[in-house]
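A.B. asks: I have a structure I would like to understand better, so I am pasting it below and will then ask my questions one at a time.
The numbers here are math on the coordinates, done by the rules we state, and not lab data. Here the structure is a predicted model, which means the values were calculated and not measured. Please note: Cβ atoms are built from the backbone with ideal geometry, for glycine as well, and neighbour counts cover all protein chains shown.
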Amino acid sequence: MGRLPVTSDFPNNVVLTIVPPPNDDKPTNILLLLHGLGDTQDSFVKLGKQLNLPETACVVIQGPQGLLDLGGFHWGDDIIFDSNGGGLDADAGFRQSTAMLKGLVEDDLLAKCEYKGREIMIFGFGQGGMTALNLAVELHQSSTTELNGIISIGAGLPSSAAAALVNKSKTPILVCGGSGDSIVTTSAEEKLKHIFEFVEIKKYRRPGDSMPSNRDEMTPIMQFFSRRLRSTKGVPEGSVEVG
């Protein structure tokens, strides 16, 4: 288990907020929160506080690229407009943001704060979820680092990600999306299953890939947290983990 991160552990050009664990718990887990396209870190700072996860410090990161005069931030290498709907295309390349987040995980959380990969989880919405999944693939391929889990709301892998891996990533993932016209299509699900060994897909009863809006939609996420997040409560002081 590592120590509670502080903002000085991270590069000055990374905009982030650290939400400590509730009730003065030890920071056994790290949860990275990645907002969606055109948003800011503020809404996910609020989310981190609302989740109130035991023994879990939330690190809320703001997308590195501004949306010009449109407001908000994004994770893509470029700003691409969808030729069909006229809106912004979330699948805009993730080389820069993935490199930034990879450094944040490897150099800051693992090396400086002394966490292990299996103590770090990521929750991403929309383009933030796509970025999180891409990061998990990059960590697996470049350093064989496996994370404790990825929760992606309304997003699968980017088109630039490999179509399949011989040695699949063992980072467990949960992907949630709307029924019917969802970005998480059958082909998107199949690609995830060719990359990750443990894939769980949950569909809302309603259309739309928005954030969970009720208890029924939030239940699979909280169940994933309860299965994956580690706890040291009840473990004697000075105990050593084996294996």
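A.B. asks: For D77 and L4 in one chain, what is 0.36 nm times their gap in residues minus the Cα-Cα distance, to one decimal in nm?
C.D. replies: Values: separation 73, 0.36 × 73 = 26.28 nm, distance 3.06 nm.
Difference between extended and current length: 23.2 nm.
A.B. asks: Assuming R0 = 35 Å, what is the FRET efficiency of K46 and V166, from their Cβ-Cβ distance, to the nearest 0.05? List each step's numbers first, then the result.
C.D. replies: Working: r = 41 Å, r/R0 = 1.18.
The calculated FRET efficiency here is 0.25.
A.B. asks: Using only Cα atoms, locate the centre of the range 158-195 and the centre of the range 41-104, then give the distance between them in Å, rounded to an integer.
C.D. replies: Each part reduced to its Cα centre gives a spacing of 19 Å.
A.B. asks: Please give, to one decimal in nm, the separation of the simple spin-label points placed at E200 and Q223, each 7 Å out from Cα toward the Cβ.
C.D. replies: Here the answer is 0.7 nm between the modelled labels.
A.B. asks: Between E106 and K193, what is 0.36 nm times their sequence separation minus the Cα-Cα distance? Round to one decimal in nm. Walk me through the intermediate numbers first.
C.D. replies: Details: separation 87, 0.36 × 87 = 31.32 nm, distance 2.54 nm.
Full-extension gain reported as 28.8 nm.
A.B. asks: Nearest 10 degrees, 0 to 90: what angle lies between the long axis of helix 42-51 and the longest principal axis of the chain (Cα atoms)?
C.D. replies: Taking Cα atoms only, the helix is inclined about 50 degrees.
A.B. asks: How big is the antiparallel share of DSSP beta bridges in the chain, given as a percent to the nearest 5?
C.D. replies: 25
A.B. asks: Any aspartates and glutamates with Cα under 14 Å of the K116 Cα? List them, leaving off those in the same chain fewer than 8 positions away.
C.D. replies: E106, D107, D108, E146, E241
A.B. asks: If amide hydrogens are placed 1.01 Å from N in the peptide plane, which non-local residues have theirs closer than 5 Å to the one on F198?
C.D. replies: I173
A.B. asks: L32's amide H: which non-local residues (gap 5+, or another chain) put their own amide H closer than 5 Å, with H modeled 1.01 Å from N in plane and none for Pro or chain starts?
C.D. replies: V59, M121, I122, F123
A.B. asks: Still on this structure, please answer the following. Can you work out the PRE-style zone for T144? Point 7 Å along Cα to Cβ, and I want the residues of the range 169-212 with backbone N under 20 Å.
C.D. replies: 169-172, 195-198
A.B. asks: If you put +1 on each Lys and Arg Cβ and -1 on each Asp and Glu Cβ, how big is the dipole of the range 149-230 around its Cα centre, in Debye rounded to 20? Let's see the in-between values first.
C.D. replies: Details: 12 positive and 8 negative charges, 67 e Å.
Here the size comes out at about 320 debye.
A.B. asks: Then there's this: From the helices alone, meaning DSSP H stretches of at least four residues, give me the mean residue ellipticity at 222 nm for the chain, per-run term -39500 (n - 2.57), in deg cm²/dmol to the nearest 500. The partial results should precede the final answer.
C.D. replies: Details: 5 runs with 60 residues, N = 243.
Theoretical 222 nm ellipticity from helices: -7500 deg cm²/dmol.
A.B. asks: Projecting each Cα onto the charge dipole of the range 7-228 (Lys/Arg +1, Asp/Glu -1 at the beta carbon, about the Cα centre), which of G124, P54, A188 comes out farthest on the positive side?
C.D. replies: P54
A.B. asks: Okay, moving on. Provide the gained length on full extension for the span Q96 to N23, in nm with one decimal, where the gain is 0.36 nm per separating residue minus the Cα-Cα distance.
C.D. replies: Details: separation 73, 0.36 × 73 = 26.28 nm, distance 3.61 nm.
Net length gain for the segment: 22.7 nm.
A.B. asks: Right, here's the next one. Mind giving me the nanometre distance, one decimal, between the label points for S159 and L70, set 7 Å out from Cα along Cα→Cβ?
C.D. replies: The two pseudo-label positions are separated by 1.6 nm.
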